[in-house]
Amino acid sequence: METQGPYLNCSALLSPLGVLRSLQILFGCVTLSLVAHDGGYGAAYGHFCMFAWAWCLTLSGLIVSFELARLQSCVRLSWENFTISFAMLAVLMELTASVVYPVYFVQLDCGGHSCESRDFRISASVFSGLTCIAYGVEVQLSRAKPGHIGAYMATTPGLLKVVQAYVACIIFGALANGSEYSRYPATQWCVGVYSVCFILTSLVIGFNVSGRTGALRCPFDRLVVLYTFLATLLYLSAAVVWPIFCFDSKYGSVERPPSCSLGDCPWDSQLIITIFTFINLILYLADLIYSQRLRYIPEP
């Protein structure tokens with residue numbers, strides 16, 4: 001049986017979203033080429049940046065290819081939820097890479113050597129920032145408008161879920177970097193809070209992206225609001241407990257120990273965890289407030 005219309009969907013490239021995704025691919029290719037040619041990268045920070053750029057470029061290429069060939073209906077996913085979730089995650093990953101790469105790899109002083117490598121690294125940082133902006137514009141164009149019934153992940157609470165999960169990943173990275181969280185049961189409780197909230201937030205994202213929310217035997221929106229309320233309370237407890245057992249003079253150190261080496265100091269990891277604990281607490285609180293104003297109709 002012949003299909004109706006052309007095989008290729010030209011609007012996948014000519015629409016505003018299509019143009020943005022093409023720019024994302026272009027900027028991503030330029031960034032990777034500059035770094036691979038003479039920009040240089042190394043250590044865990046550099047490898048993360050390369051992974052972020054390559055992963056975002058690959059997923060963007062697949063999304064454009066599937067929409068160009070009209071194959072998105074063959075994927076057992078809620079396509080709108082998937083694309084907006086990926087775009088939001090790509091914003092966070094590209095933003096992190098755009099900050100981390102110049103901080104660790106760009107030096108304005110050439111040190112008497114050729115400045116060509118420095119110029120490549122600066123250019124890569126600029127194009128990484130442009131890629132981040134392109135993803136950010138896609139999120140802005142795709143997010144649900146007032147009065148519009150769209151995908152849950154396109155709403156403010158849905159986008160906040162992606163940010164919450166990403167912040168939790170940063171916390172886990174700091175925990176693994178010699179944070180000494182196992183010294184006290186109280187800090188182990190905080191690790192449990194981070195883990196439980198991350199798992200449940202990932203499940204909420206997964207149910208929406210897979211389009212399985214309608215299979216639940218209870219109202220999905222009410223369930224998510226209840227979880228968000230509990231997660232806010234859990235993060236509130238962690239925001240109180242973690243700083244006390246890390247920076248109170250009875251349990252830890254108020255000031256950074258002079259013997260701590262740069263890049264390998266438990267105090268630094270504990271400070272990072274504290275900062276991002278409060279960030280996630282604010283995110284969950286904002287999520288709870290926005291969820292009270294949202295009337296979400298799940299997909300059948």
For Cys29, the accessible surface traced by a 1.4 Å probe with all protein chains present amounts, in square angstrom to the nearest 10, to 60
Computed, not fitted: 222 nm per-residue ellipticity of the chain from DSSP H runs ≥ 4 (each -39500 (n - 2.57)), nearest 500, equal to -24000 deg cm²/dmol
The chain: longest segment with zero exposed GluC sites (Glu not before Pro), where exposed means DSSP loop plus at most 14 other C-beta atoms within 10 Å, is residues 3-179
With a Förster distance of 30 angstrom and the Cβ-Cβ distance between Asp119 and Leu285, calculated FRET efficiency to the nearest 0.05 equals 0.10
Everything considered on the Cα gyration tensor (a ≥ b ≥ c; rounded for a/c under 1.5, else prolate if a/b is larger than b/c, else oblate), the chain must be described as oblate
Counting only protein heavy atoms and rolling a 1.4 Å probe, one gets per residue an accessible area for the stretch 54-170 in Å² of 46
With 0.36 nm assigned to each residue of separation and the Cα-Cα distance removed, Ser182 to Ile275 gains 31.6 nm
Of all chymotrypsin sites (Phe, Trp or Tyr not before Pro) in the stretch 2-82, the ones in DSSP coil with at most 16 other Cβ atoms within 10 Å are Tyr7
Carbon/sulfur accessible area of the chain, % of total, 1.4 Å probe, equals 68
Rounded to the nearest 10 Å², the 1.4 Å probe accessible area of Met50 is 30
Extension length gain for Arg217 and Gln107 (0.36 nm per residue less Cα distance), in nm, is 33.9 nm
A chain fully extended from Arg76 to Leu14 at 0.36 nm per residue, minus the present Cα-Cα distance, gains in nm 19.8 nm
Two pseudo-spin positions, 7 Å from Cα along C-beta at Ser253 and at Leu26, lie apart in nanometres by 5.1
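The values are calculated or read from the model by the stated rules, or taken from the named source; none is laboratory data. What you are looking at is a predicted structure, and each value in this text was computed from that prediction instead of being measured. With ideal geometry, Cβ positions are generated from the backbone for all residues, glycine too; neighbour counts draw on all protein chains shown. Remember, those area values only see protein heavy atoms, side chains included, never the ligands or the DNA or RNA. Shrake-Rupley method; radii C 1.70, N 1.55, O 1.52, S 1.80 Å.
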